[in-house]
Every structure is written in C-alpha cells, then in structure tokens.
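First the structure, in the form of structure tokens, and then the observations on it.
The values are calculated or read from the model by the stated rules, or taken from the named source; none is laboratory data. Note that the coordinates shown come from a computational prediction; the quantities given were computed from them, not determined experimentally. Every residue, glycine among them, receives a Cβ derived from its backbone with ideal geometry; neighbour counts consider all protein chains shown.
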Amino acid sequence: MSEVLRAALVIARRDFSAVIFSKTFILFLLGPLFPVVIGMAFGGLGEKITRESLRPTVGMSMTAPDAARMERAHRILAARIGAENLPNLQRAPTGDPRALLARRDARFMAIVSGSVERPILTGKASDLAMLERDISLLASAAVAGDQLPHVQVEKQLVSASAGAEAQSRLLTGRAAQVLVFLLTMLLAGMVLSNLVEEKTNKVIEILAAAVPIDSVFLGKLLAMLGMSFVGIGFWGSAIVAGVKLLAGPDIAPPTPAVGWPIFLLLGAVYFTMAYALLGSLFLGIGAQAATVREVQTLNMPVTMAQMGVFFFATYAVDHMGSAPEVAAIIFPFSSPFAMIARAAQDAAIWPHLLAIGWQAIWVAVIIRLGVWLFRRHVLKSGRSSRRRLFRRRSAMVK
C-alpha cells in the first residue's frame, strides 16, 4: 500500500507541475472571473432598467386638478413603498381613451380617465388585471389627500430570532450546495481530457509499465484536485476582495450551525469528496474512451445524471430527518451536497465523520472498478494485439 501511495504522489507531482506551470493556466484562472464581472455589470444595468424604464406607464386623461391629485398621491406612496412598486403616471390628452391607445405614437399601457372618485381604467384585459390594484391604491390615496394617515411603527429589537436564523441557515446551506456543485462540474471534467490525451500519446502505457495502475489513477486524481484548490483559492480571494470593496468591510453573512471555521473545513472536505467521486468516475470513463469524441459522448449522460443528483440533494435540504434526506446522504454522489447543507442547519459533528468515511469508501471502490476495467479492456487488448503481431512476424520469417 505504501508503494502504491508513493508512486501516486510521484504521478500527482508530475501532473500538478505540468498543469500549474503551463502557459494556459493563468487563462484558466482568469476565465471564470470574466463571466462574474460581466454578470455583475449587466445585473446592475438590468436592475436599473427594470427600476426606471420597464415599469408600466399609465396615461391620465383627466382634468388638470384630478391629474395633479393623482401625481401627488404617487409621490407620497413612492416615498413609503418605493417608486419601483408603482406604475409610472403621465398626463395624456383628454378624449376617448380607446382612441388614445390606438395611436401609433402612444406609449401608454393603459389610460385612466374619469375622476379621482370614480376612475375608469381602459386597456387590454391582461394589463388591467396587473394595474387595477395599483390605480385603485393611487386613487384612494388621492381621495384621502392630506388626510392620508401615516402610522409610525415602533421598533423593538431582539438579539436573536429562531425563525430568521433557521431561514438564513437554510439559505447558507443552499448556497454552499450550489457552490460545491458548480466547482465540481467545472473542474472535474479536466480529468477526462488529461487521461485521453495521454492515452493518445501512449504515455499512459509507459506509466502503466513503470508503476501500478492504481497509482496512476490515484495520482492523476490528486494532481487535478490540487490544481482545483489552487484555482479555488485564487477565485475565492478575488470574490472576497470584490465583496468587501463593493459591500464594505462590515458585511456579516449568517453563521452556520457548526460555526464558520468548521463549516469552511467541511466545505473543503465535501468538495474533495464530490470531486473525488465524480473525478474517479470520469477517470474510469476516460480510461475506456479512445478519442475526445467518445469522451464527449460519454460525458453528457454522466453530467445530466449528476445534475439530477444535485436537484435531489437540494430537495432534501428542506426535509431534514426525512426519508429523502437520508437517501440523499446514503447515495454517494449526492452525499457531499446533502451533508454540506446539513452542516449549515445542524450543529452535530458525528454524522459528518460517518458520511466522510462512507464517501471515501466509495471513492476507493470506483477507482478500483476503473482500474479493473482499464486492465481488462485496454491493457489486455493491447497485449493480445502485440502477441498476434509477434506471431505474424514469426510466421513470415519461417
């Protein structure tokens, strides 16, 4: 066993150095940050557009005093509940509302006419269903005028709220699940291409002749895992720096049930387990594939199945202690996602020790299965072909 581990570390150091010191690794590190920056920029722009431009505009075909009362009511309500929760109001010419809506230059979704006491809203049925309550609220505030009451809410602070804490821990567990899943799917696929490339170049045969196949598989898995942690460290540092820069240093995320130090440690362990489980499966697939096209063909069903497993684990978050959560914990590929969510909601540590041991057993089983398939279908076929070739040459000499 020590010989296998020693050889695996040699293979891991070789692959890790080859990836880390390559010219394209910096592009690999910077690549995921570009979508994040672009997403934040477009998210802020989209929020601004939604807040300012995409709110429905209602034309007021009313007398000037009634229109002024509606505008004043709009300002009062906007100060209390936010302008983004109300439609825009714009004065429109008096006349038939249907004719105003039919004009090509009209920019109104609906027209409110009549008086403040008896408003008439004209528009399509779907638009009226959306705007009816807002116009009724504005008209009611306009009728009340200066008599619109404003009740001051007295605030009473508490140090803790069990319901709010449970909700925040649930959100923390969901966020951790999504993060572990995205990182696993982003990084585990590199194991496939690495192994297929070395099979094509016949490097894998040289390694197989020098060290046990178990060491080759384990070493490649350790190398890609180490490279993944380098990437995670870089991306995590960049995200933390960006959040502190944009949100300020006083931001305080909700505390998970096990506490942040243990939660981060468990997050790293469960990412390792999820990566090892999926990576060892990908190693077995890559060992059987001869070309990149075959890898892509085999990779798709595995990826879709993993997405289904992830959705099953997210469903189990809301049902702690139920049969779905127990099944998600027992099934090895969903176990890391289910357990990281449990760490955010339950302070018990012993279930994590059992789960990590259970997942490690399955990693070993999947690696052994991949090694067995590699020996049976790749190395054995290679030896038999060499024997046939040798016999053919012997026959030619005779």
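Structure summary
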quantity	calculated
Subset of region 91-133 (residues that are touching a helix residue (DSSP H, G or I) at 6+ places or on another chain (Cβ under 8 Å) and among the hydroxyl-bearing types (Ser, Thr, Tyr))	Ser113, Ser115, Thr122
Residues (surrounded by fewer than 20 Cβ atoms within 10 Å (Cβ to Cβ) and either in a helix (DSSP H, G or I) or touching a Ser or Thr at 6+ places or on another chain (Cβ under 7 Å) (or both)) located in region 52-65	Glu52, Ala64, Pro65
Residue match in region 371-391 (condition: in the same structural domain as Leu266 (by TED's automatic domain parsing), at pLDDT 85 or above and either within 18 Å of Gly284 (Cβ to Cβ) or part of a helix (DSSP H, G or I) (or both))	yes
Residues located in region 252-265, provided they are touching a helix residue (DSSP H, G or I) at 6+ places or on another chain (Cβ under 9 Å) and within 17 Å of Trp350 (Cα to Cα)	Pro256, Ala257, Val258, Ile262, Phe263
Residue match in region 143-160 (condition: surrounded by 12 or more Cβ atoms within 10 Å (Cβ to Cβ) and small (Gly, Ala, Ser))	yes
Test: residue in region 156-178 that is at pLDDT 80 or above, under 30 Å from Ala83 (Cβ atoms), among the polar types (S, T, N, Q) and not in a helix (DSSP H, G or I)	yes
Arg91 being surrounded by 11 or more Cβ atoms within 10 Å (Cβ to Cβ), within 30 Å of Val240 (Cα to Cα) and either at pLDDT 85 or above or over 26 Å from the mean Cα position of the chain (by Cα) (or both)	no
Answer from Ala268, Ala305, Ala328 - the residue that is of a type outside the set (Asp, Glu), touching a helix residue (DSSP H, G or I) at 6+ places or on another chain (Cβ under 6 Å) and not in a loop (DSSP other than H, G, I, E, B)	Ala328
Which numbered condition Lys220 fails, given (1) at pLDDT below 80; (2) charged (D, E, K, R); (3) in a helix (DSSP H, G or I)	(1)
